[in-house]
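To start, the structure itself, in structure tokens.
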Amino acid sequence: MACLLETPIRMSVLSEVTASSRHYVDRLFDPDPQKVLQGVIDMKNAVIGNNKQKANLIVLGAVPRLLYLLQQETSSTELKTECAVVLGSLAMGTENNVKSLLDCHIIPALLQGLLSPDLKFIEACLRCLRTIFTSPVTPEELLYTDATVIPHLMALLSRSRYTQEYICQIFSHCCKGPDHQTILFNHGAVQNIAHLLTSLSYKVRMQALKCFSVLAFENPQVSMTLVNVLVDGELLPQIFVKMLQRDKPIEMQLTSAKCLTYMCRAGAIRTDDNCIVLKTLPCLVRMCSKERLLEERVEGAETLAYLIEPDVELQRIASITDHLIAMLADYFKYPSSVSAITDIKRLDHDLKHAHELRQAAFKLYASLGANDEDIRKKIIETENMMDRIVTGLSESSVKVRLAAVRCLHSLSRSVQQLRTSFQDHAVWKPLMKVLQNAPDEILVVASSMLCNLLLEFSPSKEPILESGAVELLCGLTQSENPALRVNGIWALMNMAFQAEQKIKADILRSLSTEQLFRLLSDSDLNVLMKTLGLLRNLLSTRPHIDKIMSTHGKQIMQAVTLILEGEHNIEVKEQDYLRSSFVSFKTELYLTLSCFSMKPGNAWVYSNTTKREVTCPADLVLF
């Protein structure tokens, strides 16, 4: 069975292998079972806290032999248990150790061990599985490969407090999306784990709580179930509220707040419910204070940002709770100046969390300023805030850059700020750099913000046009990502509003009539609507109509005729709104085209019918 470290690591370790390390492995092959058992016990004692010894033993082939002994029917239960303990200790070393264990197919062997009737052996296997599955190098899917594993783990929950702790921890780390949530939910995770919230063991309560937080995240089905679950006569939300009280450990407060936040966002709890307004929100604001550890402040801010993101009233309440806006400014003060730090460990700690703190602060500022003009003003007036956001656009961390762009996009919904702060700090310059080369997730938000900067009242519109934005936006309309296509055409629509003929000609030339036709037949209705809006803005005055239609008239008329006569499928959930909007838009476009007609000799005759260009107020631009 092959289970090797990567070659460079293996060679460096082999050069340091000692005779004693080889002696431990040799004893595993002794014909006397008692000597083998003693050898495993001695190995266990030798590897505790010794990563070098762990690496040596892995290179010398200890893992395959330990797994063989663990799976042998002739091995005593005590020997199997000790083998599982040693394997768990090896897994607690480096990530390379875990990779080597995975290469040796340790997970199937340990899962098979869970079928044993011996509780101590089961607990040892679960403890080792817990260590392996909580490693970042272990694929979560390995837990779900065998369909019999999850129901068996559910059955083992009743065996002891250790099985409860380890299994809940495995579930919370291996539940990474809706598919995993569905599997666990369908196998009775809610019913089997709910009563563990009242366990006498703090560790069991915490792991059960973490399970519910990952199960409820963006999952209406699970959340609606949780809100009605009774445990010892109390509803689950009431238990969560008790767990986020000030006298409870911070970890418990945070995780309980997460559970309530996720249930609220999933629609199971109203945003104006007292458990959200009076309990969850204040708890999360407390987590942002200087008194908390840096990692707690990060988690608190990110959870609060998620809670208030869609709700204006929660944003207003949060903004005036414990001076939150000013409190967040402190997130940018890490790491502290080196001269003020005498403890190198503290410096390392600050450096480690500095990116996370800035990311969390940007996220929360973005949520706070999503809707309310007064809140946006307070954020921008916070000390050096615009400079910090602009600096964030060029951060090395993609996550920080994304959060900074989101924050800037949120603030760009303000007409006043577009005309003042955004112009004073020339925000468009770093934004254009971001748009030149960034991952799609950043491009989507950055291009959304560009739509706002291109509105007719924005002072940034002209310099953006001069910096080559037309070609950049036309390129976005060709993206495979529907959101980028929408944003590209939306920005062009805003750019064409009351624009000079030269700009309109540049748009048509860069976009090309072929691409325009592709957009008019796009399967995404939002793309189609914005393309029609672009056409309306291009054909806004008699001279512009004459110029554009003289060169592209036939193609434009053909494309628009197809739209006017076509039927477009609309999702049921958006049917009434989008259908009425689309019919209205077709009518508007028809009226526009009715303002002129082609006469013999290809001359376009323009009538005096009043027309409007299409744009969108800053507060309504995008999400």
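Condition check ((1) surrounded by fewer than 23 Cβ atoms within 10 Å (Cβ to Cβ); (2) closer than 22 Å to HIS195 by Cα) across all residues:
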site	(1), (2)
ASN228	yes, yes
ASP232	yes, yes
PRO237	no, yes
PHE240	no, yes
MET252	yes, yes
ARG265	yes, no
CYS288	no, no
GLU295	yes, no
ALA301	no, no
Legend entry - Meets criteria (within 14 Å of PHE332 (Cβ to Cβ) and among the β-branched types (Val, Ile, Thr)) for ILE379: yes
Inset, instruction - Sort out which residues of the range 142-153 are part of a loop (DSSP other than H, G, I, E, B) and either hydrophobic (A, V, I, L, M, F, W, C) or over 17 Å from GLN181 (Cα atoms) (or both), and write them in order of number. - result: ALA147
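Among the listed residues ALA360, ALA404, which satisfies the condition of being in contact (Cβ under 8 Å) with a residue 60 or more places away in the chain, out of contact with any strand residue (DSSP E or B) (no Cβ under 7 Å at 6 or more places or on another chain) and not aromatic (Phe, Trp, Tyr)?
Numbers: ALA404 fails: in contact (Cβ under 8 Å) with a residue 60 or more places away in the chain.
Every option except ALA360 fails the conditions.
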Inset, instruction - Select the helices (runs of 4 or more DSSP H) contained entirely in the range 196-251, then report the ones holding at least 3 residues which are touching an Asp or Glu at 6+ places or on another chain (Cβ under 8 Å). - result: 202-216
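Among the residues of the range 422-448 satisfying the criterion of being under 19 Å from SER367 (Cβ atoms) and of a type in the set (Gly, Ala, Ser), which is surrounded by the most Cβ atoms within 10 Å (Cβ to Cβ)?
The initial filter retains those residues of the range 422-448 that are under 19 Å from SER367 (Cβ atoms), namely 441-442, 444-446, 448.
Filter once more, keeping what is of a type in the set (Gly, Ala, Ser): 446, 448.
Working: ALA446: 24, SER448: 22.
So the residue we want is ALA446.
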Legend entry - Unmet requirement for GLU462, which otherwise passes all of (1) surrounded by fewer than 22 Cβ atoms within 10 Å (Cβ to Cβ); (2) in contact (Cβ under 8 Å) with a residue 12 or more places away in the chain; (3) more than 31 Å from the chain's Cα centre (by Cα): (2)
Legend entry - Those residues of the range 465-483 which are surrounded by 20 or more Cβ atoms within 10 Å (Cβ to Cβ) and over 16 Å from ARG509 (Cα atoms), in sequence order: ALA483
Inset, instruction - Answer yes or no as to whether LEU209 is within 29 Å of the chain's Cα centre (by Cα), at pLDDT 95 or above and under 26 Å from LEU307 (Cα atoms). - result: yes
Inset, instruction - Could you list all residues from the range 470-504 that are over 16 Å from SER448 (Cα atoms), touching a Leu at 6+ places or on another chain (Cβ under 9 Å) and not in a loop (DSSP other than H, G, I, E, B)? - result: ALA496, ILE503, LYS504
Inset, instruction - Report, by residue number, each residue of the range 496-535 that is of a type in the set (Lys, Arg), closer than 22 Å to ALA483 by Cβ and surrounded by fewer than 22 Cβ atoms within 10 Å (Cβ to Cβ). - result: ARG518
Legend entry - Looking only at the range 186-226, and only at residues there that are closer than 18 Å to HIS152 by Cα and of a type in the set (Val, Ile, Thr), the one that is surrounded by the most Cβ atoms within 10 Å (Cβ to Cβ): ILE193
Legend entry - Exclusive hit being in contact with a His (Cβ under 8 Å, 6 or more places away or on another chain) and not acidic (Asp, Glu), set VAL231, VAL190: VAL231
Inset, instruction - Return a yes/no flag: does the range 154-167 have any residue that is surrounded by fewer than 22 Cβ atoms within 10 Å (Cβ to Cβ), of a type in the set (D, E, K, R), out of contact with any Phe, Trp or Tyr (no Cβ under 8 Å at 6 or more places or on another chain) and not in a helix (DSSP H, G or I). - result: yes
Inset, instruction - Scan the range 53-99 residue by residue and report those that are within 24 Å of LEU142 (Cα to Cα), among the hydrophobic types (A, V, I, L, M, F, W, C) and outside any helix (DSSP H, G or I). - result: MET92
Legend entry - Subset of the range 372-411 [surrounded by fewer than 19 Cβ atoms within 10 Å (Cβ to Cβ) and among the small types (Gly, Ala, Ser)]: SER394, SER396, SER397
Legend entry - Considering residues of the range 499-551 that are in contact with a Lys or Arg (Cβ under 8 Å, 6 or more places away or on another chain) and small (Gly, Ala, Ser) only, the residue farthest from GLY475 (Cα to Cα): SER540
Inset, instruction - Please name all residue pairs, on different chains or six or more residues apart, with Cβ atoms under 8 Å, provided the first residue is in the range 192-213 and is closer than 22 Å to ARG127 by Cβ and the second residue is outside any helix (DSSP H, G or I) and polar (S, T, N, Q). - result: ARG205/SER199; ALA208/SER199
Legend entry - Enumeration of residues in the range 100-141 that are surrounded by fewer than 18 Cβ atoms within 10 Å (Cβ to Cβ) and assigned to a helix (DSSP H, G or I): ASP103, PRO108, GLN112, LEU119, LYS120, GLU140, GLU141
Legend entry - Any hit, the range 70-79, residues being surrounded by 20 or more Cβ atoms within 10 Å (Cβ to Cβ) and more than 30 Å from ALA155 (Cα to Cα): no
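The values are calculated or read from the model by the stated rules, or taken from the named source; none is laboratory data. All values derive from a computational prediction rather than experimental measurement. Neighbour counts run over all protein chains shown; Cβ positions are idealised from the backbone, glycine included.
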